[in-house]
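Colleague: The structure is given below, and queries will be raised subsequently.
The values are calculated or read from the model by the stated rules, or taken from the named source; none is laboratory data. Just so we're clear, the structure is a prediction, and the values are computed from it rather than from any experiment. Neighbour counts are summed over all protein chains in view; Cβ atoms, including those assigned to glycine, are modelled from backbone coordinates with ideal geometry.
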């Protein structure tokens, strides 16, 4: 199963999946943070700001690795989707005057 997931993105299965698991748990944790924000939109805007920064960093890193030829374009597309979320996060922060 793992081999199939990596092959979809043009990558080989690494010898250890620790970085994949850490990334997935980090994504899950951010999801919980977004749920916390959604329960009271007037609070916890720092979570949204950090989320926007991380999503921007993800896109920049994937784009850089794509440019040097070490990343599949599909990952850059996923990073592009994250940039759309960054725009929405910024809109949210501006609407609630926290940016």
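Colleague: What pairs can you find where one residue is in segment 1-12 and at positive phi, the other is modelled with pLDDT of 80 or more, and their Cβ atoms are less than 7 Å apart, with a gap of 6+ or different chains?
Modeller: Listed pairs, sorted by first residue: 10/72.
Colleague: A follow-up question, please. Those residues that are on the phi > 0 side of the Ramachandran plot and assigned to a helix (DSSP H, G or I), I need them from segment 44-81; list them, please.
Modeller: none
Colleague: Restricting to segment 57-78, count the residues that are under 17 Å from residue 27 (Cβ atoms) and either touching a strand residue (DSSP E or B) at 6+ places or on another chain (Cβ under 7 Å) or buried (at least 16 other Cβ atoms within 10 Å of the Cβ) (or both).
Modeller: Within segment 57-78, residues that are under 17 Å from residue 27 (Cβ atoms) and either touching a strand residue (DSSP E or B) at 6+ places or on another chain (Cβ under 7 Å) or buried (at least 16 other Cβ atoms within 10 Å of the Cβ) (or both) number 4.
Colleague: Please identify the pairs in which a residue from segment 75-99 that is free of Cβ contacts under 8 Å to residues at least 40 places away in the same chain has its Cβ atom under 8 Å from the Cβ atom of a residue that is loosely packed, with under 15 Cβ neighbours inside 10 Å and outside any helix (DSSP H, G or I), counting only partners at least 6 apart or on another chain.
Modeller: 90/99
Colleague: Which of the numbered conditions does residue 41 fail, given that it passes all the others? Conditions: (1) more than 30 Å from residue 7 (Cα to Cα); (2) part of a helix (DSSP H, G or I).
Modeller: (2)
Colleague: Here is a follow-up. Determine whether residue 16 is touching a residue at least 24 places away in the same chain (Cβ under 8 Å), outside any helix (DSSP H, G or I) and either surrounded by fewer than 10 Cβ atoms within 10 Å (Cβ to Cβ) or within 14 Å of the chain's Cα centre (by Cα) (or both).
Modeller: no
Colleague: Something else: List, please: which pairs have Cβ atoms under 7 Å, are six or more places apart or on different chains, and start with a residue in segment 28-55 that is without any contact (Cβ under 8 Å) to a residue 12 or more places away in the chain and end with one that is assigned to a helix (DSSP H, G or I) and surrounded by 15 or more Cβ atoms within 10 Å (Cβ to Cβ)?
Modeller: If the second residue must be assigned to a helix (DSSP H, G or I) and surrounded by 15 or more Cβ atoms within 10 Å (Cβ to Cβ), the pairs left are 36/47; 37/47; 37/48; 44/37.
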